[in-house]
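Input: a single structure, listed below in structure tokens.
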2 protein chains.
Amino acid sequence: MGRPRTRDWDDLRRALLDAAGRLLAAEGPQALGTRRVAHEVGTSTTAVYNLFEDKAGLLRAMFLDGFAALEERFARVPVDGDPEADLLALGHAYRAAARADPHRYDLMFGRPIADFRPDEADLARIGGTYDTLLRAVARCVDAGRFGPADPADIAAHLSALVHGLASLELRGALGDEECADRRWRLALEAACRGHHPEPAG
Amino acid sequence: MGRPRTRDWDDLRRALLDAAGRLLAAEGPQALGTRRVAHEVGTSTTAVYNLFEDKAGLLRAMFLDGFAALEERFARVPVDGDPEADLLALGHAYRAAARADPHRYDLMFGRPIADFRPDEADLARIGGTYDTLLRAVARCVDAGRFGPADPADIAAHLSALVHGLASLELRGALGDEECADRRWRLALEAACRGHHPEPAG
DNA sequence: AGTGTTATGTAACAGCGTTGCGTTACAGTT
DNA sequence: AACTGTAACGCAACGCTGTTACATAACACT
């Protein structure tokens with residue numbers, strides 16, 4: 001009983017998420033008002049509070065969506081080639097994701113928007129993204145391309161590096177595109193080289 | 001002529017900045033309301049708009065203050081020892097600054113607060129901090145510790161790495177303190193090793 | 001004293017996230 | 001067919017924010 005839903009919940013939820021994603025990409029985080037997002041899909045603020053708990057819930061859903069997209073990019077990276085080349089390809093996929101939607105990247109790895117910090121449950125759901133990196137590092141270690149070390153330590157190093165590079169690039173601190181290309185390449189190569197086993201010793 | 005200032009402008013400006021810094025460190029960015037900061041030093045919101053242009057101006061001043069503090073830490077790092085050891089010491093000074101005031105670090109290198117993005121004039125004023133890193137890298141290149149390369153490219157690499165490490169650590173993604181210590185050390189050492197000249201070639 | 005000029009706090013305005021309340025629209029009952 | 005209970009929905013208000021217009025206050029000078 002009760003009044004029937006005039007719009008399907010899942011459809012409306014997706015519509016809100018898509019609209020919010022468009023607004024975020026086009027105008028930045030300050031465009032993500034509850035009234036604005038709701039109006040964009042022809043509903044009212046109430047829908048946001050019914051479908052997500054509150055505005056932070058909407059941001060959390062966008063956060064998780066972003067990691068799903070990143071994981072999809074990672075999944076398209078081959079895992080059967082040269083282990084080190086695969087690892088570099090993961091880094092470039094990460095860069096492509098950041099450049100494809102800079103504001104979304106800020107939402108995922110910075111915290112440009114108040115009132116939202118991912119909790120433990122969120123971090124558990126995005127662990128798969130980190131696992132992909134970890135497995136790629138482990139393959140390099142197993143293949144003897146990296147000296148004997150805890151793959152988690154190397155993964156932490158590389159994950160910090162790509163995040164730092166992406167942050168600098170999105171801030172415009174890596175120079176023009178050609179210069180940024182070179183610095184990404186040099187930095188990733190140097191980082192990998194730093195883990196190569198000693199030639200003698 | 002005109003009404004005399006009941007408080008010295010420079011004193012009041014410093015008091016506002018200090019109060020804002022205390023609030024930011026203690027309660028995070030959401031505590032930085034104009035009313036709150038003004039009340040903390042016994043004045044009114046008007047003072048913020050007289051002494052800084054607006055709230056973004058207050059944040060900009062805190063931003064520049066943060067870089068002044070970072071530059072001070074850098075200045076205490078010796079520049080006459082082993083070039084590579086000096087470079088690592090710079091990295092650890094950067095880490096110490098981030099850990100000393102995490103929210104301030106976010107203000108400087110993330111963008112946790114809407115309505116403030118550093119403009120070109122701001123970036124020019126903080127260029128000295130980056131120059132310190134650049135000089136340390138150049139000393140390593142000149143000493144033959146790093147293979148022949150553009151010091152700016154190596155500096156970009158290292159700057160991205162320390163920023164990434166600091167971000168991960170402040171997010172708690174680097175594990176407990178002992179683990180974070182190890183990962184900072186391993187990552188900085190591997191990054192430097194990656195720039196060492198080829199033994200033969 | 002009176003006036004001009006400047007410093008300062010108060011109060012209002014528009015916007016935000018959020019929520020209570022009235023309205024709408026159907027299912028089941030009489 | 002009329003009624004009622006329940007669920008969905010939107011409007012409007014609340015408290016907060018940054019910002020600004022305005023009234024007030026306090027001096028120097030005539």
Exercise. At a 1.4 Å probe radius, carbon and sulfur cover how many percent of the accessible area of the protein assembly as shown?
Worked result: 51 percent
Exercise. Between A:ASP181 and B:ASP142, what FRET efficiency comes out of the Förster formula 1/(1 + (r/R0)^6) with R0 = 35 Å and r the beta carbon distance, rounded to 0.05?
Worked result: 0.85
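Using the beta-carbon distance between B:ASP150 and A:THR6 and R0 = 51 Å, what value does 1/(1 + (r/R0)^6) give for FRET efficiency, to the nearest 0.05?
Values: r = 61 Å, r/R0 = 1.20.
Result of the calculation: an efficiency of 0.25.
Taking the Cα centre of the stretch B:124-171 as origin and charging only Cβ (+1 Lys, Arg; -1 Asp, Glu), how large is the dipole, in debye to the nearest 20?
Details: 5 positive and 5 negative charges, 28 e Å.
Result for the stretch B:124-171 is approximately 140 debye, rounded to the nearest 20.
Under a Cβ-only charge scheme (Lys and Arg +1, Asp and Glu -1), can you give me the dipole magnitude of the stretch A:55-193 about the Cα centre, in debye to the nearest 20? Walk me through the numbers on the way to the answer.
Working: 18 positive and 23 negative charges, 51 e Å.
The calculation lands at about 240 debye.
Could you give the C-alpha radius of gyration of the stretch A:1-133 expressed as a fraction of 2.2 N^0.38 Å, taking N as the number of residues it contains? Could you put the intermediate results ahead of the total?
Details: Rg = 16.9 Å, N = 133, 2.2 N^0.38 = 14.1 Å.
For the stretch A:1-133, the normalised Cα radius of gyration is 1.20.
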For this session: Describe numerically, in nm with one decimal, the distance between label points set 7 Å from Cα along Cα→Cβ at B:TYR130 and at B:ALA68.
Result: 2.1 nm
Seminar exercise, completed: For the stretch A:1-71, listing trypsin sites (Lys or Arg not before Pro) in a DSSP loop whose Cβ sees at most 15 other Cβ atoms within 10 Å gives A:ARG5, A:ARG7
Exercise. Heavy-atom accessible area of B:HIS196 with all protein chains present, probe 1.4 Å, nearest 10 Å²?
Worked result: 70 Å²
Problem set entry | 17 Å reach of a label modelled at B:ASN50, 7 Å along Cα-to-Cβ, counting backbone N of the stretch B:1-28 | B:1-17
Seminar exercise, completed: For chain A, the per residue accessible area (1.4 Å probe, Å²) is 51 Å²
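With the cut-off at 1.5 for a/c, could you classify the stretch A:55-193 from its C-alpha gyration tensor as rounded, prolate or oblate?
oblate
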Exercise. Simple spin-label model, 7 Å along Cα-to-Cβ: B:ARG117 to A:HIS92 in nm?
Worked result: 2.8 nm
For this session: Using only protein heavy atoms and a 1.4 angstrom probe, determine the accessible area buried between A and B, summed over both sides, in Å² to the nearest 100.
Result: 2600 Å²
Exercise. Which trypsin sites (Lys or Arg not before Pro) from the stretch A:75-184 combine a DSSP loop assignment with at most 13 other Cβ atoms within 10 Å?
Worked result: A:ARG76
Exercise. According to a simple spin-label model (label point 7 Å from Cα along Cα-to-Cβ), what is the distance in nm between B:ALA25 and B:ALA75?
Worked result: 1.9 nm
Exercise. Per residue, what volume in Å³ does the convex hull of the Cα atoms of the protein assembly as shown enclose?
Worked result: 189 Å³
Exercise. Who wins for biggest fluctuation among B:LEU24, B:LEU168, B:LEU64 in a Gaussian network model of chain B, springs between alpha carbons below 10 Å?
Worked result: B:LEU168
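The values are calculated or read from the model by the stated rules, or taken from the named source; none is laboratory data. Owing to the predicted nature of the structure, the values given are computational and were not obtained by experimental measurement. Don't worry about glycine lacking a Cβ; one is built from the backbone with ideal geometry, like all the others, and counts go over all protein chains shown. Only protein heavy atoms, including side chains, enter the accessible area calculation; ligands, DNA and RNA are left aside. Shrake-Rupley method; radii C 1.70, N 1.55, O 1.52, S 1.80 Å.
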